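Here the structure comes first, spelled out in structure tokens, and everything after it is commentary.
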Amino acid sequence: MQISAKQQAQQLCCWEVPVVAVPLSGGLTNTNFKVSYQGADYVVRIGEDIPEHGVMRFNELNASIAAFNAGISPEIIHSVSGALVMRFIEGKTLAAKDIGNNETLEKILPLLKKCHYQVPKHLKAGALSFWVFQVNRNYASTLQNTASVYKGNLNKIMTINDRLEKAVGRVNIAFCHNDMLAANFINTEEKLWLIDWDYAGFNSPLFDLSNLATNNDLSYSQECWLLESYFECKLSDKLWYSYSAMKCASLLRESMWSMVSEQHSKLDFNYRQYTEENLARFDRAYKEFIEISKV
């Protein structure tokens, strides 16, 4: 008999006495609960592999443990197939408007660098990569076998994807989070935390930077500051061109993620609206990129 996610969270073997799992909001690849147990609070994440999105729980666990050891994410106290238990962080979950605050951006910058260059020092063998252009190709292949209304656009989308990949050019590789939503940052009095490592993998830092900007509506001046501060150099036309291409790729990936989710996800979420919103944002960014290309 199939049990519910809540029952699964409550029946984990790490609890020696009965517990109550209280649903937490958010999460489009997991069902999340808060559990109070023996005077401490924990988060239980219930979720299986999602092959169509490249979400593999062994990779999430590996990245989560490494991120804890690097001091930027909560401790994992238990894991079994389909479930992850971590310490609950009492703090403020950020919103996009918080990320747009310059003081918050200044806190995020060193956190990203720790993610990129300290977390991989603690990884075990088998960590995945997340090359957004290949991710997009896989989404296109997946959509070909569905009833998606976007199937007729896939050839054009893949042509654009190839052009953006070429424009990004050669990159340095780091270990990236790859899901820079505001809700994945928790601010406490002591520090800023980064959570939810579903999509973590080796990638260009440009992806996390551009993903942070697109997910949180950063201004042009904030984007410039972010690039100059991260790379510790004056912003060049070449860097801005590569970054702009990656920003388009980030928005294209978000759009295609939603297209695929329309066909596969069972969560109660308006994916069609989310797809259209992100396609509109991609179109605007791509037009700006085309203008840059003419210079």
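The values are calculated or read from the model by the stated rules, or taken from the named source; none is laboratory data. What you are looking at is a predicted structure, and each value in this text was computed from that prediction instead of being measured. Neighbour counts are summed over all protein chains in view; Cβ atoms, including those assigned to glycine, are modelled from backbone coordinates with ideal geometry.
Going through (1) of a type in the set (Val, Ile, Thr); (2) part of a loop (DSSP other than H, G, I, E, B); (3) over 20 Å from the mean Cα position of the chain (by Cα) one by one, ILE157 falls short only on (2). In this structure, GLU103 does satisfy being in the same structural domain as ASN216 (by TED's automatic domain parsing), without any contact (Cβ under 8 Å) to a residue 24 or more places away in the chain, out of contact with any Ser or Thr (no Cβ under 6 Å at 6 or more places or on another chain) and of a type in the set (D, E, K, R). Checking each residue of the range 119-130 against the condition of being of a type outside the set (Val, Ile, Thr), under 28 Å from SER255 (Cα atoms) and part of a strand (DSSP E or B) gives at least one match.
Is at least one residue of the range 53-60 in a strand (DSSP E or B), under 15 Å from the mean Cα position of the chain (by Cα), surrounded by 17 or more Cβ atoms within 10 Å (Cβ to Cβ) and of a type in the set (A, V, I, L, M)? Yes, the range 53-60 contains at least one residue that is in a strand (DSSP E or B), under 15 Å from the mean Cα position of the chain (by Cα), surrounded by 17 or more Cβ atoms within 10 Å (Cβ to Cβ) and of a type in the set (A, V, I, L, M). Could you grab me the full set of residues in the range 228-273 that are of a type outside the set (Asp, Glu) and within 14 Å of THR214 (Cα to Cα)? Those that are of a type outside the set (Asp, Glu) and within 14 Å of THR214 (Cα to Cα): TYR243, SER244, ALA245, MET246, LYS247, CYS248, ALA249, SER250, LEU251, LEU252, ARG253, SER255.
The set of residues in the range 3-23 being in a loop (DSSP other than H, G, I, E, B) and either surrounded by fewer than 16 Cβ atoms within 10 Å (Cβ to Cβ) or not assigned by TED's automatic domain parsing to the domain that holds SER81 (or both) consists of ILE3, SER4, GLN11, CYS13, CYS14, GLU16, VAL17, PRO18, VAL20. Does at least one position in the range 146-154 carry a residue that is modelled with pLDDT of 95 or more, over 27 Å from LYS97 (Cβ atoms), in contact with a Cys (Cβ under 8 Å, 6 or more places away or on another chain) and assigned by TED's automatic domain parsing to the domain that holds LYS114? No, the conditions are met nowhere in the range 146-154. Kindly provide the set of residues from the range 160-172 that are in contact with a helix residue (DSSP H, G or I) (Cβ under 6 Å, 6 or more places away or on another chain), assigned to a helix (DSSP H, G or I) and of a type outside the set (D, E, K, R), ordered by number. Across the range 160-172, the qualifying residues are ASN161, LEU164, ALA167, VAL168. Any idea which residue in the range 256-295 is nearest to VAL132 (Cα to Cα), counting only those that are at pLDDT below 95 and among the β-branched types (Val, Ile, Thr)? In this case the residue turns out to be ILE292.
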